[in-house]
């Protein structure tokens, strides 16, 4: 029996003009059809002080989000430390190693990208994107941040995700956008 590859999503996070915003579309596809159009791929943790977004397998992402939340609690809400500890576990643990998802995590100061290969990346220009439409959204966000600096972080995220949705068949216009408190 062949495994149907689930493709989904575009997640974008940006630090701009003192604001930190994370947004994602809501589409999940299986094979060549849309399985669901309104998946909530952005979550708040630590009473809104940390925003997460995920791409990949939803069940795998939820497992990682639970582990990340546990790490946050274990390290007093220190996002970077929790991310590094999760990445170490993710790479070393036999079960976690098989999970197919990526995370973007953000707090008031920074944005990080976490992957199953042990990466904890601090993106250039404080713009992070993951998922099928990541490169489209990231390119749009870079252009808007540079050429329309008067826009708010939320406006840049929304416009960039909409541009990605116009181009990427695995991304739709059902957006969830959250701002770090």
statement: All-but-one check, residue 117 against (1) in a loop (DSSP other than H, G, I, E, B); (2) under 29 Å from residue 173 (Cβ atoms); (3) without any contact (Cβ under 8 Å) to a residue 40 or more places away in the chain, failing number (2)
query: In this structure, does residue 141 turn out to be at pLDDT 95 or above, closer than 30 Å to residue 84 by Cα, in contact with a strand residue (DSSP E or B) (Cβ under 9 Å, 6 or more places away or on another chain) and assigned to a strand (DSSP E or B)?
result: no
task: Please find, within region 84-108, the residue that is nearest to residue 22 (Cα to Cα) out of those that are without any contact (Cβ under 8 Å) to a residue 40 or more places away in the chain and not in a helix (DSSP H, G or I).
output: 98
- request: Search region 10-56 for residues being in contact (Cβ under 8 Å) with a residue 40 or more places away in the chain, out of contact with any helix residue (DSSP H, G or I) (no Cβ under 9 Å at 6 or more places or on another chain) and not in a strand (DSSP E or B), and hand back the single one that is surrounded by the most Cβ atoms within 10 Å (Cβ to Cβ).
  value: 26
task: Look at region 95-138 and say how many of its residues are touching a helix residue (DSSP H, G or I) at 6+ places or on another chain (Cβ under 7 Å), closer than 24 Å to residue 27 by Cα and modelled with pLDDT under 90.
output: 4
Residue count for region 125-150, restricted to those that are free of Cβ contacts under 8 Å to residues at least 60 places away in the same chain and within 17 Å of residue 22 (Cβ to Cβ): 4
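The values are calculated or read from the model by the stated rules, or taken from the named source; none is laboratory data. In this text the structure is predicted, and so the values were computed from the model without any measurement. Glycine gets a Cβ as well: all are built from the backbone with ideal geometry, and neighbour counts include every protein chain shown.
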